[in-house]
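Every read-out reported here was derived from the displayed coordinates using simple, explicitly stated rules and does not represent laboratory data. This one's a predicted model, so the numbers in the text were calculated from it and none came from an experiment. Positions of Cβ are generated from backbone atoms using ideal geometry, with glycine treated the same way; all protein chains shown enter the neighbour counts.
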Amino acid sequence: MSDLPARRWPWRGVIEEYREFLPVTDDTPVVTLLEGGTPLVPSRAIGPSLPGRLRLFFKYEGLNPTGSFKDRGMCMAISKAKEAGARITICASTGNTAASAAAYSAAAGMASVVMIPAGYVALGKLSQALAYGARTLAVEGNFDDCLRCVREICEAYPVALLNSLNPYRMDGQKTGAFEVCEALGRPPDFHALPVGNAGNITAYWWGYKHWYDAGLVASRPVMLGFQAAGAAPIVLGHPVEKPETCATAIRIGNPARWKDAVAAAEESGGLITSVTDEEILAAYSDLARLEGLFCEPASAAGVAGVRKLAREGYFGDSPATVVCTLTGHGLKDPDRAIALAPQPETVPADTDFIVDLLGLR
Ligand code: F0G
């Protein structure tokens with residue numbers, strides 16, 4: 001569509017690229033690691049294998065500076081916190097928000113505190129929070145406990161809250177929707193995402209609405225959100241006290257953006273439903289092995305969900321463009337990757353032996 005903004009390289013990060021759509025002024029100090037500008041990769045295997053006439057794309061957010069979509073919102077949240085004079089930042093996190101908050105706080109010269117559920121954060125994310133120098137508190141509790149503490153601290157002390165309750169996080173994450181519109185030349189018919197604290201599905205919907213209301217695009221997608229079956233409060237209609245799933249990023253029992261996510265699904269004519277850990281891990285493996293796209297387990301929930309809906313005939317027979325956001329990089333959770341794949345075979349440094357082993361003769 002010709003009235004979409006013209007892109008030019010090098011990419012300048014989400015604030016400079018989308019300044020006119022974001023609540024920043026000339027006085028806002030832009031703290032960027034040049035996040036955003038991630039590829040929209042057409043599916044070569046999973047999409048064509050589905051019933052119906054779907055054109056499936058993956059928005060590969062693992063290619064952001066800290067390996068997840070969180071960097072879009074963090075760029076905004078930290079820039080605004082710096083503008084307001086904040087010196088200390090804090091967040092509750094299943095890992096990715098912590099990694100991103102730690103990195104952007106470091107870039108901004110601010111002290112960062114991250115609160116994570118002890119024992120339930122993937123190794124890559126933990127290593128990032130530590131490497132970027134965050135004060136890392138492993139809380140004896142789950143994500144919901146961490147978020148409660150963070151809220152209470154921020155109500156009483158001058159510490160900048162970096163969870164998606166922070167509206168600037170939402171503003172930054174809207175840029176994912178802008179990029180999808182630009183890559184396709186129009187919004188997709190459906191947009192599928194994993195749902196944890198429910199910020200990202202909200203932000204994407206707000207992003208699509210923003211451009212629709214501004215007259216830049218002529219349609220809006222149907223929003224499809226997927227929770228893990230063991231951590232599906234929105235689907236069940238009540239908080240889950242002990243959420244459990246292998247997709248630790250979305251192991252959340254009482255999402256902060258619950259109402260907004262439900263509104264996104266309802267206003268767009270979409271839905272929020274659940275997928276099992278088995279379905280998530282099958283999609284996770286297929287993305288890597290059939291598409292060459294390595295994402296973390298939670299990221300595959302959207303793909304698992306689209307696959308499930310397609311098999312149920314949800315998309316019908318008309319052609320439809322479907323985008324799945326792959327929210328985080330596979331390297332975030334190396335333990336899971338190694339546990340699911342065959343182990344490396346140890347061999348002697350002997351060419352003949354290897355040729356025989358591989359059956360090349
Ligand atoms: N995918 C990944 C890889 C995530 O890290 C998250 C959330 C989600 C999906 C769900 O997004 O919360 O906006 O609905 N991670 C948060 C964190 C909770 O602390 O890193 P959401």
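What the table shows:
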| item | result |
| --- | --- |
| Environment charge of Gly95, counting only residues whose C-beta is closer than 13 Å and scoring Lys/Arg +1, Asp/Glu -1 | +2 |
| Cα gyration tensor, the chain - rounded (a/c under 1.5), prolate or oblate | rounded |
| Cut-off 11 Å between beta-carbons: net charge of the residues surrounding Lys174, Lys and Arg +1, Asp and Glu -1 | +1 |
| Region 292-358: relative contact order in percent, alpha carbon pairs under 8 Å with at least 6 residues between | 42 percent |
| Other-chain or far-sequence residues with amide H under 5 Å of Gln227's (modelled H) | Val195, Thr273, Ser274, Val275 |
| Cβ-based net charge around Ala341, under 14 Å, with every Lys or Arg adding one and every Asp or Glu removing one | -2 |
| Relative contact order (percent, whole number), the chain, Cα cutoff 8 Å, 6+ residue spacing | 20 percent |
| Region 285-319 residues near the modelled Ala341 label - backbone nitrogen below 18 Å, point 7 Å along Cα→Cβ | 285-300 |
| Hits among lysines - C-alpha to C-alpha of Lys174 under 19 Å, sequence gap 8 or more where chains match | Lys59, Lys70, Lys80, Lys209, Lys259 |
| Gap separating the Cα centres of region 284-361 and region 31-95, nearest whole Å | 20 Å |
| Share antiparallel - DSSP beta bridges, the chain, percent rounded to 5 | 15 percent |
| Distance in nm between pseudo-label sites at Leu4 and Ala131 (7 Å out along the Cβ direction from Cα) | 3.3 nm |
| Region 69-78 - phi-based ³J(HN,Hα) in whole Hz, Karplus 6.51/-1.76/1.60, Gly and Pro as x | 5, 4, 5, 4, x, 5, 4, 5, 4, 6 |
| Listed residues Gly172, Ala86, Leu162: farthest to the positive end of the dipole of region 38-177 (Cβ charges) | Gly172 |
